[in-house]
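> Below is the structure I would like to discuss, written out as structure tokens.
Nothing in this text is a laboratory measurement; each read-out follows from the coordinates by a stated rule. Everything numeric here is computed off the predicted structure, so don't read it as measured data. Note that we place each Cβ from the backbone using ideal geometry, even for glycine, and neighbour counts take in every protein chain shown.
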Amino acid sequence: MVNIAYFDTSVLVKLYDKFEEGSKKAESLYRKYNACSSILIYAEVISALSRKNREGKYKEKGFEIAISLFKQDIEKVFIIEVNKTVIEETGRIIINHELRALDAIHLASANILRRELSTHFPMITADEKLSVASQKEGYKVFLL
């Protein structure tokens, strides 16, 4: 069986900011597992890295390097598209858990993939509320 894990945006951003708390653990888990995530990561990671750049957290070419590395890395991530099934599952999750819409889409994407593969895999996040909801949905969670 393939050794996969669901990575949400909060963890993936840590791969491109070595000074962020939990970045070493994020790197370790990213090397250990084959990453899967929602297509949302493309916009969310670029948004987070752009914010960090505007706040002056990157030096010289650091931002351009981070974006370039992310665009290379995303090619290795198994992407779950947002479709009607994911959105319907998102609605169920929002009703049952205290999550914002985009975090609920991440959890819904993981749930749909888990059903399609008929297997369990961990959820890796740095978001406390997503961690709690994921545990209630039956995931082993790595909270960074």
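> Please report, in debye to the nearest 20, how large the charge dipole of the chain is about its Cα centre when each Lys and Arg carries +1 at its beta carbon and each Asp and Glu carries -1 there.
Rounded to the nearest 20 debye, it is 300 debye.
> What FRET efficiency comes out for the pair residue 76/residue 19, r = Cβ-Cβ distance, R0 = 22 Å, nearest 0.05?
That gives a FRET efficiency of 0.40.
> Could you work out how far apart the two model spin labels at residue 3 and residue 32 are, taking each label as a point 7 Å from the Cα in the direction of the beta carbon, and quote it in nm?
Spacing of the two 7 Å Cα→Cβ label points: 0.9 nm.
> Here's a follow-up. Which pairs in the list 25/136; 61/136; 25/84; 59/129; 24/136 are over 30 Å apart, alpha-carbon to alpha-carbon?
Those over the limit are 61/136; 25/84; 59/129.
> May I ask you to evaluate 6.51 cos²θ - 1.76 cosθ + 1.60, the Karplus curve with θ = phi - 60°, for each residue of region 22-33 and list the ³J(HN,Hα) values in order in whole Hz, giving x for glycine and proline?
x, 5, 5, 5, 4, 4, 4, 5, 5, 6, 6, 10
> Residue 24: net charge of surrounding residues, Cβ under 15 Å, Lys/Arg +1, Asp/Glu -1, itself excluded?
Combined, the nearby Lys, Arg, Asp and Glu give +1.
> With angles folded into 0 to 90 degrees, how steeply does helix 40-54 sit against the dominant principal axis of the chain? Use alpha carbons for both and round to 10.
It works out to around 30 degrees.
> So what are the ³J(HN,Hα) numbers for region 133-144, from phi and the Karplus equation (6.51, -1.76, 1.60; θ = phi - 60°), rounded to whole Hz, Gly and Pro as x?
4, 5, 4, 5, 8, x, 8, 6, 10, 9, 9, 8
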